[in-house]
Amino acid sequence: MALSLARLRERLGGARPADGVEPVRPPGPLLWVHLGAGVDPLGIELVLNDLRDRHPTLALLGTGGAGAPPPPPDRSGPVRRFLDRWAPDVILWTGADAFPTLWSEALARNIAQAAAEIDTVPHRLALVRDLHRFDAVFPLRADPRLGIPEMPSGRLSTVPSPPGADPDDVEEMARSLSNRPVWLALDVPDAEIPTVLDAHAVASRLTHRLLLVLVPERVETAREALFGGGWLWSARDEVGTPEPSDQVFLACDAAERGLWLRIAPITYLGGSLAGPGPASSPYAPASLGSATVHGPAVAGHERAVTRLHRGRAALRIEGAGQLAAAVEELLNPDRAAQIAHDAWAVTSDGAEVSARLLETLDDLVDGIALR
């Protein structure tokens with residue numbers, strides 16, 4: 001089960017006494033995570049979410065960062081008492097600080113250690129020399145002095161994994177569409193359904209056999225609008241795949257978002273015109289190669305939208321009347337491909353570092369019983 005950032009911080013604050021009661025080490029495998037200076041907690045959160053999906057019984061102990069206690073002073077006595085008390089099985093170090101005494105004592109105890117977003121270049125070699133004995137180091141930048149194997153460097157990704165989809169379903173849907181032009185309206189609230197259908201009517205005049213995949217917040221409202229508007233349409237829960245004559249295909253299960261995002265080269269984020277903001281992350285279509293269109297309302301997703309626009313990886317519209325023009329613009333394959341390419345550049349930043357760190361931690365947790 002995924003941890004929210006607040007819940008992660010709560011878990012990573014486990015070493016702090018609560019109400020005067022000293023916490024005790026939880027049973028089972030324990031991962032100590034140190035959130036160092038300059039590290040975005042979101043990147044760590046995403047890796048730990050995936051790690052705990054693989055190891056649900058893994059306990060977390062945290063130091064550093066907002067709401068968590070500092071690590072013990074880097075002196076022999078405090079270090080030994082801390083490690084005696086908590087006995088971590090694996091330690092993940094992040095940030096700019098060096099802890100030579102802690103590192104050396106943990107190595108002497110055969111505790112597995114990894115580091116990410118760590119910058120050794122400003123430190124004297126004597127302070128960071130032990131990093132070459134870690135199980136893995138993913139530095140912010142290379143430091144040839146350490147003599148460690150070359151690993152991916154840079155920041156961890158702060159982009160969540162996109163929703164999944166059954167590859168067989170994706171293949172079947174792609175085959176049934178047979179290269180028809182398609183656009184997706186995702187998580188559309190009741191108030192935006194007329195806007196989306198009007199935009200589709202306009203765009204369809206210029207693009208033969210254009211299909212709208214409509215994922216509404218409320219299926220019954222969408223059914224009523226489609227019946228009332230005289231549209232040719234079918235529904236996923238009735239026919240499985242669109243009919244050749246369909247103008248609109250009603251997707252009844254929002255859990256299949258991953259399928260539609262892989263099928264449609266254009267995605268409008270519902271709720272961004274008449275709602276408080278999109279229900280789905282703007283990163284979801286962007287990371288799957290679907291050119292993203294959204295309105296001015298982006299509550300809860302400001303950071304993602306800012307990054308995408310900084311990378312020219314999304315298209316913003318100011319009102320309902322601009323949706324049709326945006327869809328028409330992106331039906332140009334070259335324009336959609338450019339946005340999709342720019343979106344990939346944004347969403348893939350740090351992905352290799354995060355993936356390699358996850359696999360490293362997974363292997364280290366798997367190996368606890370062998371130590």
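The values are calculated or read from the model by the stated rules, or taken from the named source; none is laboratory data. No experiment lies behind these values; they were computed from the predicted model shown. Positions of Cβ are generated from backbone atoms using ideal geometry, with glycine treated the same way; all protein chains shown enter the neighbour counts.
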I need the full set of residues from region 22-48 which are out of contact with any strand residue (DSSP E or B) (no Cβ under 9 Å at 6 or more places or on another chain), in contact (Cβ under 8 Å) with a residue 12 or more places away in the chain and either in a loop (DSSP other than H, G, I, E, B) or surrounded by fewer than 19 Cβ atoms within 10 Å (Cβ to Cβ) (or both), in order please.
L42
Contact list, first residue from region 274-302 and in contact (Cβ under 8 Å) with a residue 40 or more places away in the chain, second anywhere and of a type in the set (S, T, N, Q) and in a loop (DSSP other than H, G, I, E, B), beta-carbon distance below 7 Å, six or more apart or interchain, is P278/S272
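Conditions tested, residue by residue: (1) under 17 Å from L177 (Cβ atoms); (2) outside the structural domain of A340 (by TED's automatic domain parsing); (3) part of a helix (DSSP H, G or I).
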| residue | (1), (2), (3) |
| --- | --- |
| L214 | yes, no, no |
| E220 | no, no, yes |
| T241 | yes, no, no |
| G275 | no, no, no |
| P285 | no, no, yes |
| P296 | no, no, no |
| T306 | no, no, yes |
| A313 | no, no, no |
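Can you confirm whether region 344-351 contains a residue that is assigned to a helix (DSSP H, G or I) and without any contact (Cβ under 8 Å) to a residue 40 or more places away in the chain? Give the steps one after another, and end with the answer.
Our first condition is that a residue be assigned to a helix (DSSP H, G or I); within region 344-351, this holds for 344-347, 351.
Checking which are without any contact (Cβ under 8 Å) to a residue 40 or more places away in the chain leaves us with 345.
Looking through region 344-351, at least one residue is assigned to a helix (DSSP H, G or I) and without any contact (Cβ under 8 Å) to a residue 40 or more places away in the chain.
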Given (1) in contact with a Phe, Trp or Tyr (Cβ under 9 Å, 6 or more places away or on another chain); (2) under 28 Å from L358 (Cα atoms); (3) small (G, A, S), index of the condition A185 fails
(2)
In the set A98, A116, the lone residue that is of a type in the set (A, V, I, L, M), at negative phi and assigned to a strand (DSSP E or B) is A116
If I filter region 292-306 down to residues being in contact with a Phe, Trp or Tyr (Cβ under 9 Å, 6 or more places away or on another chain) and small (G, A, S), which single residue comes out as nearest to A351 (Cα to Cα)?
A304
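For every residue, the table says whether it meets (1) modelled with pLDDT of 95 or more; (2) of a type in the set (V, I, T).
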{"residue": "P139", "(1), (2)": "no, no"}
{"residue": "A142", "(1), (2)": "no, no"}
{"residue": "L146", "(1), (2)": "no, no"}
{"residue": "P149", "(1), (2)": "no, no"}
{"residue": "G154", "(1), (2)": "no, no"}
{"residue": "P162", "(1), (2)": "no, no"}
{"residue": "V170", "(1), (2)": "yes, yes"}
{"residue": "M173", "(1), (2)": "yes, no"}
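Which helices (runs of 4 or more DSSP H) sit wholly inside region 122-206 and have at least 3 residues that are in contact (Cβ under 8 Å) with a residue 60 or more places away in the chain and more than 24 Å from E328 (Cα to Cα)? Reasoning before the result, please.
Values: elements: 125-128, 167-177, 193-204.
Result: 167-177.
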Top-ranked residue of region 87-116 - restricted to ones that are among the acidic types (D, E) and at pLDDT 95 or above, ranked as surrounded by the fewest Cβ atoms within 10 Å (Cβ to Cβ):
E105
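Given W93, W86, which one is touching a residue at least 60 places away in the same chain (Cβ under 8 Å), on the phi < 0 side of the Ramachandran plot and of a type in the set (F, W, Y)? Explain how you work it out, then say what you get.
Working: W93 fails: touching a residue at least 60 places away in the same chain (Cβ under 8 Å).
It is W86.
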Of the residues in region 49-81, those that are crowded, with 17+ Cβ neighbours inside 10 Å and either free of Cβ contacts under 8 Å to residues at least 12 places away in the same chain or on the phi > 0 side of the Ramachandran plot (or both) come to G64, G65
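Would region 212-220 turn up any residue that is of a type in the set (K, R) and more than 29 Å from E302 (Cα to Cα)?
As a first pass, look at region 212-220 and keep what is of a type in the set (K, R): 218.
Narrowing the set further to residues that are more than 29 Å from E302 (Cα to Cα) leaves none.
The answer is no; no qualifying residue exists.
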Among the residues that make up region 201-220, is at least one of them touching a helix residue (DSSP H, G or I) at 6+ places or on another chain (Cβ under 7 Å) and under 30 Å from L127 (Cβ atoms)?
no
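Does L226 meet the test of being modelled with pLDDT of 95 or more, more than 15 Å from L184 (Cβ to Cβ) and surrounded by fewer than 18 Cβ atoms within 10 Å (Cβ to Cβ)?
Values: modelled with pLDDT of 95 or more: yes; more than 15 Å from L184 (Cβ to Cβ): yes; surrounded by fewer than 18 Cβ atoms within 10 Å (Cβ to Cβ): no.
When the stated conditions are applied, L226 does not pass them.
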